[in-house]
Amino acid sequence: MDRREFMARWKGPVETAARRLLVYRQADYWLGEFAPARSLEELRAEVVRVDNEARDVKTFALRPNAHWRGFSAGQHVSVEVEIGGVRTQRVFSLSSAPSDPLLAITVKRMPGGRVSPWLHEQARPGHIVGLSPATGRFVLPSPLPPKLLLLSGGSGITPLMSILRDLDARDAVSDVVLVHHARAGDGVIFRDDLEAIAARRTGLRLAFCLSDGDGHGRFDGARLAELVPDFAERATFLCGPHGLMERAGQMWTRAGALSGLRRESFGLPASARPPGADASDRYERRIHLGRSGRSHLVDDKANLLDELERFGERLASGCRMGICQTCTCRKRRGVVRDLTTGKTSSDRDEEIQLCISAPQSDVELDL
Amino acid sequence: MHLSTAVRRGARPLKVFRRRQAASPGPAPRELSAREAEALGDELDELRRQITEDLGARDVDHIRRVIGWSRRSEAAGRFLLHVGLDPLSFAAGSGALGLSKILDNMEIGHNVLHGQYDWTGDPELDSRRLDWDITCPPEDWRYWHNYEHHTFTNILGKDRDVGYVFLRACPEQPWHPAHVLQPVAALGLALFFQWGIGAHGLRLEEVLKGNEPLSALRERARPFVRKAGWQVLKDYGFYPAIALWNAPRVAAGNFVANTARNLWAYAIIFCGHFPEGVRVYHEDEVRGETRGQWYARQIAGSANIEGGRVLHVLSGHLSHQIEHHLFPDIPASRYPEIAPRVREICARYGQPYCTSSLGRQFGSVVARLLRLSLPGPRRSSKQPASAVSSPRSATA
């Protein structure tokens, strides 16, 4: 038996025994004391560098620990930071190339947000953040398409920058057009880097559509058709604000080229009550139980525990009044309201108590 | 929300007042009207809301600090036991290991398993993932302690924590000749308390009474057997084995540490609901109970221990049993700062607030267990009347 085989066979049982003998938690504690970026099980990263990119936009260079399994250009990660004692996650696209020695996320500061202001104000080199493995299907196909269009607005440029840097690193910038929309006052994220690549690679053409007034350098179909007459023939990667994505989508639909358009959306708020609805109206919300795969339409005024039991779900529960935490479960996504405090929970992956939570949107639970 | 510094430090009531409280539990608790109970509930809900809103980095820092003490003290204790040869290092090592177990069970385990830190999203502080250094499986504990005991607190026949089924801890429990042996049984339970806690969820009495077949017990005991097996393997197999020639010393040290923790946990936990002045309830008294009435029952059914910060942390803040029973899922380190406000609310609503020093409370528990080993609710003249106002108490 060679070493690898030996490890594969014994790693699991040894780890289980170490956990049951409470040795594991000792080891994890001392590791946390002396090497906080390392962890026996958590994927974490150390902030190595913070760079200003444009107004309210910073790039954070991260060094992940041994649990990192790499990524494809265009993918995103969930970054977890502890704010006021609460672990809070937000999803960010990676802006570095997979071959770069460090990971980079480029973050626009969202007013009223939690994670992006924290990163902008608090994150310093040496800080440790949590990471998720990279996910997302907004990636280059293989083999590479001969002609590419990268179309972005605002901070939607981050996954496209990763793709472009990847192409550059692979010597594969053969025929790429990047059209970016931004407000003139905000400046163009990655402008220097983009121009440096364009100077090196004759296969890259850049176009910046900047607007002075409102809107994110409004998307203009006619202008785009002028800039990129063969847009419908190009494999197109689109990422930007909701309005831009919608208008570009319509343009590609009209041109009959929707199959060549890959889209990555971000920052869409979970839908709350439909507009114009009276507060006394009852609505049905779809509750999806992620593990069992079942879905139920439940009343948004009643607590989730009663409602799910009405559909025959057998759930762990106890006091049914919000004290014993037996029914606590992880909410994957969606908005719920705490019936005792009236507070809403809208973040992904928050713990909720079913017996005192009423759904305010469609909700996915880890049950 | 920011509480004033005085409140945050847990402003202590005047000593004079404390003495008087300890000597007599005051007038029998006033029965609240439905409206009063609702108002009491609203005030406590508001207090809860304020604390919940204020939760933050301070609370996480506290529990992580205690986790740090527990881990370090375990490491130090094991080191001393493993490498030392002299009796002094044996005593120090066992003590340090016992301390780590006390912190692990009381301030960390009990409180984290209540879900007090679930809001942090930290897997290490997750009530559904935590494992602890005791023979009781966390999942069993979360059921019978968090749900049964905290929901049906002090209801005879429903709260199996009343005398842990086999002890007669209040005069309302019917006397049985076997209770004559209660002093010995209680001492045995104290010495091996972790086994009492571990086996509590097995409902042995159901099988002994013949209500359930043995196979039901075998099924139910599986998590306990697994957890207890690993604990025994850890304390008396694994660690002695890696100590090589020091194996007997390490096994003995682990036994001493376990016993020290057992005695301490027993003393603290018995002071929670068994001292004089704590009320028990009959099932028909609590039918259709409102949230406000539930709060009132938690207050009347619990007793506090007075002391300093060290006592509070070592007891897992069960020294604030009343506050704990009102808000079992609020981080326990907040209880000292809300205690004066709870006490003030109790005074205004004419509700009891049973509190005294550890010595007095535990003395009262011991006296009670001894007295109740004999039939009848006979009370010595020195002890105040038990504050039970049940129509059925005469038949007990």
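The values are calculated or read from the model by the stated rules, or taken from the named source; none is laboratory data. Quick caveat: nothing in here was measured; it's all calculated off a predicted structure. Don't worry about glycine lacking a Cβ; one is built from the backbone with ideal geometry, like all the others, and counts go over all protein chains shown. These accessible areas exclude ligands, DNA and RNA; they are computed on the full protein's heavy atoms, side chains included. Shrake-Rupley method; radii C 1.70, N 1.55, O 1.52, S 1.80 Å.
Per-structure values
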| quantity | calculated |
| --- | --- |
| Distance from region B:229-302 to region A:142-214 (C-alpha centre basis), Å | 64 Å |
| Overall Cα dimensions of region A:46-132 - principal axes, largest extent first, Å | 33, 29, 22 |
| Kyte-Doolittle mean at least 0.0, axial Cα span of 27 Å or more - DSSP H helices of chain B | B:247-273 |
| Mean ellipticity per residue at 222 nm, deg cm²/dmol - from DSSP H runs of n ≥ 4 across chain A, formula -39500 (n - 2.57) | -7500 deg cm²/dmol |
| For region A:135-140, Karplus couplings with θ = phi - 60° (6.51, -1.76, 1.60), whole Hz, Gly/Pro x | 9, x, 9, 7, 10, 5 |
| For region B:314-320, Karplus couplings with θ = phi - 60° (6.51, -1.76, 1.60), whole Hz, Gly/Pro x | 5, 8, x, 6, 6, 5, 10 |
| Sites B:Ala178 and B:Asp42 - FRET efficiency at Förster radius 35 Å, r taken between beta-carbons, to 0.05 | 0.15 |
| Inter-label distance for A:Arg19 and B:Ala34, nm, one decimal - labels placed 7 Å from Cα along Cα-to-Cβ | 5.0 nm |
| Heavy-atom accessible surface that B and A bury in contact, both chains counted, 1.4 Å, Å² to 100 | 3100 Å² |
| Heavy-atom accessible surface of chain A: percent carbon and sulfur, 1.4 Å | 49 percent |
| Average beta carbon contacts from partner chains per residue of B:159-167, 10 Å cutoff | 0 |
| Chain B, relative contact order [Cα under 8 Å, separation at least 6], % | 27 percent |
| Relative contact order (%) - criterion: Cα under 8 Å, at least six apart; region: chain A | 11 percent |
| Extreme residue, positive dipole direction of the protein assembly as shown, given options B:Ile345, A:Ile197, A:Gly153 (C-beta unit charges) | B:Ile345 |
| Candidate lysines - alpha carbon under 27 Å from B:Lys209, same-chain residues fewer than 8 apart omitted | B:Lys158, B:Lys227 |
| For region B:71-220: relative contact order, % (alpha-carbon pairs under 8 angstrom, 6 or more apart) | 14 percent |
| Residue-count net charge about A:Val363 - beta-carbon cut-off 9 Å; Lys, Arg +1, Asp, Glu -1 | +3 |
| Average beta carbon contacts from partner chains per residue of B:146-154, 10 Å cutoff | 4 |
| Residue with peak Gaussian network fluctuation, chain B [Cα springs, cutoff 10 Å], from B:Ala92, B:Ala216, B:Ala186 | B:Ala216 |
| For chain B, alpha-carbon Rg relative to the globular expectation (2.2 N^0.38 Å, N residues) | 1.00 |
| Ranked order, B:Glu323, B:Glu31 - accessible area, probe 1.4 Å, largest first | B:Glu31, B:Glu323 |
| Cut-off of 10 Å, at most 12 other beta carbons, DSSP loop: longest stretch of chain A lacking such trypsin sites (Lys or Arg not before Pro) | A:138-281 |
| Orphan Cys of chain A, criterion: no other Cys C-beta under 4.7 Å | A:Cys209, A:Cys239, A:Cys327, A:Cys329, A:Cys355 |
| Within a Gaussian network of chain B (alpha carbon springs, distance under 10 Å), most fluctuating of B:Arg49, B:Arg348, B:Arg287 | B:Arg287 |
| MRE, 222 nm, helices only [DSSP H, n ≥ 4, -39500 (n - 2.57), over chain B, to nearest 500] | -15500 deg cm²/dmol |
| Nearest-20 debye value, the protein assembly as shown charge dipole, Cβ charges on Lys, Arg, Asp, Glu | 1720 debye |
| Overall form of chain A per C-alpha gyration tensor (a/c, 1.5; a/b vs b/c) | oblate |
| FRET efficiency for A:Arg55 and A:Arg137, using Cβ-Cβ distance with R0 set to 25 Å, rounded to 0.05 | 0.20 |
| Assigned charges on the beta-carbon of Lys, Arg, Asp, Glu; chain B dipole about Cα centre (debye) | 1220 debye |
